[in-house]
Each structure stands twice: as C-alpha cells, then as structure tokens.
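K.L.:
Below are the structure tokens for one structure; questions will follow.
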Amino acid sequence: MIKSPEKKIRVLVVDDSAFMCKVLQEIINADPQLEVAGQARDGRDAVALAESLRPDVITMDINMPHVDGLQATEMIMSQHPRPIVIVSSESREGASSTLRALELGAIDFVPKPSSGIDLDMRSVRDELTRKLKMAAKVRVVRTATRGKAPTPPVDVPANRKSGADASVASQNGGKFPIVVIAASTGGPAAVMRVVAGLPKDFPGAVLLVLHMPAAFTKPFALQLAEVSQLTVKEAEANESVQPGIIYLCPGSHHLRVSPTGKIMLDPGMRIEGYLPCANAALETVAAYSRLMAIAVVLTGMGNDAAKGVKSVKANSGYVIAQDEASSVIFGMPAEAIKTGAVDEVVDINEISAAIERRATKFGKLVPVGAS
C-alpha cells in the first residue's frame, strides 16, 4: 500500500519588503514540512488572505503601510483567528510592538537580524521553521481588544521599605510570601492577565521569569506597569526583595534570591537550554521562603520550572499551574503537573485569585496612609 504524502503546513507570509518576502519564501519552501500558501504586502491584504486562504500559520511583519502588523493581528485574531508568528526587528521600538502583538494574540516571534540582509535572515532559519511548526499546532481562539489599563501606581524606590511593607514582614519574623511566576510561549499575555488581577494590598513580592530576549524585558516591564496596581520594575542585582513589588528578571540573566533575601543576577550560560531559567529562581526562593514560597507555572514550551516546583513543594510551599484549556502551549504546566508537586490547576482567569488566597494566609498588606 502506497503511503499518501504528509500534508504540508501552509504559511501566509506578510511583509511589505519584496526582498524579505522572497527570503522568507525560500526558507519556508526549503523545509519539507512547510509551504508558502500566499504573500501579503500590507496588513489589509493579510486580513483578506487570512480569511480566503485559511493558512495554517501566518508570519507577520509589524511596520507596513495602510494597515500595520498590530492592526492586522488584532483584526485577524478577533474575526478569523489563525496562529501568527511575528517576524520583527529586535530594537526597543520593535520589542514594544512585538509585545503588543503577543498581547493581541500572536503566538510567538522571531527577531529579524539587525541588517536584515539575505545571509543574516538565513541565520534564523532553524528558529523560524521550528516556531512555525509549533504555532501551527496551537488551538487559537478569538481575542477581545484589551480595555484601558488602570492608572499605574506611583513608583517607589525598590530599596526603601514603607511602613506597610514592614508591617507584613514583622508579622512573620521578617518573612513574607514570594511568588515566582514562570512562563514561555504565550507568556506575555498570560502574565499581563495575572499581574492585572493582583490587588494593590497584595502582601507578597512577585518574581517574573519569562523566556524572553534581553531587549524585550524592559519594555515589557513598562507594559506591565500600565495594568498593574503594584509597582513593576526590572530586577536589579543586590536589591532586597520587598512585598508589594513585582520584579521582572532581565532576559540576559538568571535570577536567584540569596539567603539574606537579596536578588542575585547571573549573566551566565543557559541552564538546561534556558536563559533566564525558572528553576534557578524557584529553587532559591523555596530555600529562602519555605512555607511562604508560591510557584506559578504558566503556558510555555519545554520543562523549565519542573525541578523548581519540586523544591518548592519539598519546602512546604505552594504550587499553581495553568490548565490546558487556557494555555497556548501546555508544555511547562504539564511537566510541572507530572512531578506531583502541583496543588492547583486552574484557568488563567482564576490564577490571580488563587495566588491571593494563598498569600493572604500570611497577613494582609495595609495600604500606606490607612489608619
């Protein structure tokens, strides 16, 4: 019996540069599992072709005439959703735009090399084809436009303890809950949703570890600050971890917490393929906070955080994992669940409340100025 050929993944390429379209087409068609289904030169064409061609996955440029990549992503994901991989510059401006696209429903991104020339683009061939294949497997759903974010809180120096912060720590022998949130593919939108749901009197500190390039973490911290009622900052070496503050691990470093409660940043090599590595943060927070450590594993590909949640559980901490239905990629949560260390598996919309329930067992932060 003759085996029928495997069906190829059909890709819609969206880019206003004829040269870049040609390069992307050559890379995609050279892979035996992929084929270009069509090309669009701006977002307006992309929306129309996404509906008529029904591709398995779309590569989306950001800066285009008429309708840009952000507008096209929002329209496609709200009308005829398809998996979208952003192919963009890794400049600060590009990072902010790419993060916004991920928030709007894009699955992943591949940074364009700085020069964008033919040979440089081929240097990301493996990453591009791998992410296209992965994205094609994702179950996409219609997304709603994010509403106006709450007014960001007034920033406070990270190394100054307020009276409210001190009151929480004093109730528990100088300790307070420390939450470590780990995420990868699909993580920016998921983290934004969780952070937006934490109340202004949240009694713990939050450490965010995302598999994200260094150029993206600072812009992402600014985006999180727009939706958070807590202070959000990119973590700095040697600062003391304090309640009421969200610390985002820089994409170029691993983050650990010292035995004295200070942040340590290590610009070392990848750990088991990850930089930053969530296991590094989780294992040290488990040792420092013990009962008051809270691990949260969100959507992502791979098994980072699996070792860390075992350490958290072994030290009497608490572990929460995102459920499969609301995960873009159910890799990291699934691997965490397999360890037997997970206490709750919940929908992304319920994770903030689950974190708060556990954290408030150890006291409630009193807002500054309250009587």
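The values are calculated or read from the model by the stated rules, or taken from the named source; none is laboratory data. What you see is a predicted model, and the numbers here were worked out from it, not measured in a lab. Note: ideal-geometry Cβ built from the backbone for every residue, glycine included; neighbour counts use all protein chains shown.
K.L.:
Report, by residue number, each residue of segment 233-246 that is in contact (Cβ under 8 Å) with a residue 60 or more places away in the chain, within 21 Å of the chain's Cα centre (by Cα) and part of a strand (DSSP E or B).
P.N.:
Matches in segment 233-246: K233, I245.
K.L.:
Could you list, in sequence order, the residues of segment 290-347 that are surrounded by fewer than 19 Cβ atoms within 10 Å (Cβ to Cβ), within 23 Å of V241 (Cα to Cα) and not basic (K, R)?
P.N.:
L291, A314, N315, S316, listed by residue number.
K.L.:
Of the numbered conditions (1) assigned to a strand (DSSP E or B); (2) more than 17 Å from G204 (Cα to Cα); (3) without any contact (Cβ under 8 Å) to a residue 40 or more places away in the chain, L255 satisfies every one except a single condition; which is it?
P.N.:
With respect to (1) assigned to a strand (DSSP E or B); (2) more than 17 Å from G204 (Cα to Cα); (3) without any contact (Cβ under 8 Å) to a residue 40 or more places away in the chain, L255 is out only on (3).
K.L.:
Checking P81 against (1) modelled with pLDDT of 90 or more; (2) within 18 Å of the chain's Cα centre (by Cα), which test does it fail?
P.N.:
Condition not satisfied by P81: (2).
K.L.:
Among the residues of segment 26-66, which ones are closer than 22 Å to T98 by Cβ and surrounded by fewer than 16 Cβ atoms within 10 Å (Cβ to Cβ)?
P.N.:
N63, P65, H66
K.L.:
Still on this model: Tell me, please, whether a residue that is among the hydroxyl-bearing types (S, T, Y), touching an Asp or Glu at 6+ places or on another chain (Cβ under 7 Å) and either surrounded by 24 or more Cβ atoms within 10 Å (Cβ to Cβ) or under 26 Å from K307 (Cβ atoms) (or both) can be found in segment 207-217. It would help to see each step written out before you state the result.
P.N.:
Residues of segment 207-217 that are among the hydroxyl-bearing types (S, T, Y), as a first pass: 217.
Going one step further and asking which of them are touching an Asp or Glu at 6+ places or on another chain (Cβ under 7 Å), we end up with 217.
If we keep only those that are either surrounded by 24 or more Cβ atoms within 10 Å (Cβ to Cβ) or under 26 Å from K307 (Cβ atoms) (or both) as well, we get 217.
Checked against the condition, which is being among the hydroxyl-bearing types (S, T, Y), touching an Asp or Glu at 6+ places or on another chain (Cβ under 7 Å) and either surrounded by 24 or more Cβ atoms within 10 Å (Cβ to Cβ) or under 26 Å from K307 (Cβ atoms) (or both), segment 207-217 yields at least one hit.
K.L.:
If a residue has to be over 16 Å from A189 (Cα atoms) and at pLDDT below 95 to count, how many in segment 323-356 make the cut?
P.N.:
Going through segment 323-356 one residue at a time, the tally reaches 1.
K.L.:
For segment 310-358, what are the residues that are in contact (Cβ under 8 Å) with a residue 60 or more places away in the chain and in a strand (DSSP E or B)?
P.N.:
Q322
K.L.:
Name the residues in segment 188-221 that are assigned to a strand (DSSP E or B) and either out of contact with any helix residue (DSSP H, G or I) (no Cβ under 9 Å at 6 or more places or on another chain) or within 15 Å of E356 (Cα to Cα) (or both), would you? Steps first, please.
P.N.:
Applying the first criterion (assigned to a strand (DSSP E or B)) to segment 188-221 yields 205-210.
Hits for segment 188-221 are A205, V206, L207.
K.L.:
For segment 1-91, give me every one of the strands (runs of 3 or more DSSP E) that falls completely inside it and has 1 or more residues that are within 18 Å of L104 (Cα to Cα) and among the polar types (S, T, N, Q).
P.N.:
Fully inside segment 1-91 and qualifying: 57-60, 84-89.
K.L.:
Hey, another quick one. Before we move on, is A237 modelled with pLDDT of 95 or more, touching a Leu at 6+ places or on another chain (Cβ under 7 Å), surrounded by fewer than 16 Cβ atoms within 10 Å (Cβ to Cβ) and not assigned by TED's automatic domain parsing to the domain that holds T98?
P.N.:
Yes: the conditions hold for A237.
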